[in-house]
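Readers should treat all values here as calculations from the given coordinates under stated rules, not as data from a laboratory. Because the structure is a prediction, the values reported are computed rather than measured. Note that each Cβ is placed from the backbone with ideal geometry, even for glycine, and that neighbours are counted across all protein chains shown.
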Amino acid sequence: MSEARDDATIGFYGIEADAYTSRSKPATERLERFVERLPLGGKVLELGCGAGQDSEAMIALGFDVTPSDGTPEMAAAAARRLGRPVEVLLFGDIDGHELYDGVWANACLLHVPRVDLPGIIARIQAALRPDGVFYASYKAGTAEGRDGFGRYYNYPSAEWLSGAYGHVGWQNVEIGEAAGGGYDGLPTDWLYVLATKDS
């Protein structure tokens, strides 16, 4: 079994793929901030791409994007949208060395068990080129658990998350906080992390 895999969470997204991928999702200010830090035409890995809207926006800006998702149904929906293959990639299977200028992981690493998250972050760091940029977002909390749909969440605090990223190999790790929502329609506190790899 792959590191960081939660079958109940993957199963939920498989069942709900049509509902998830039919939602409109305009490009966000955070995506704009991410791409501003990348070299023109840079190579980007998107994790948890869902229907592929963010990959689509980055491709339109001229980036060399590799979209991926851990749920086969989601990857298939993204492939239909983008007109290209989308890899079914579990976080524990991320490998390679200095392949990407950026890794975009919007609202997906929040499903990685706390015990596994530092290792997954280390895999992503290794896959980034020097000065590479890594974005991820998490639902804030104080203890890991499951939501009303049975999905696992790591629910970190900013302090816990800072420790999970570690202080080796990064130029900086910026953690922002904002109120928002989610698929369940409930108010949600979010943590947004933008990290830059050492030169």
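Of the residues 152, 9, 47, the one whose Cα sits farthest toward the positive end of the charge dipole of the chain, with +1 on the Cβ of Lys and Arg and -1 on the Cβ of Asp and Glu, is 47. Note on the chain: GNM, Cα springs under 10 Å; of 169, 148, 132, the largest mean-square fluctuation is that of 148. With unit charges on the beta carbons (Lys and Arg positive, Asp and Glu negative) and the dipole taken about the Cα centre of the chain, which residue among 59, 88, 199 sits farthest to the positive side? Working it through, the farthest residue towards the positive pole turns out to be 59.
Across the stretch 34-114, Cα-Cα pairs farther apart than 18 Å form 37% of the total.
Here the Kirkwood formula, the inverse mean of 1/r across different C-alpha pairs, assigns the chain a hydrodynamic radius of 16.8 Å. Annotation: amide H-H contacts under 5 Å for residue 87 (H modelled 1.01 Å from N, sequence separation of 5 or more, or interchain): 69.
For the chain, the dipole from Cβ point charges (+1 on Lys and Arg, -1 on Asp and Glu) about the Cα centre works out to 200 debye, to the nearest 20. For residue 140, the residues 5 or more places off, or on other chains, whose built amide H falls under 5 Å of its own are 189, 190, 191. Considering only 172, 74, 127, and ranking their Cα positions along the charge dipole of the chain that arises from unit charges at the beta-carbon of Lys, Arg, Asp and Glu, the one farthest toward the positive end is 74.
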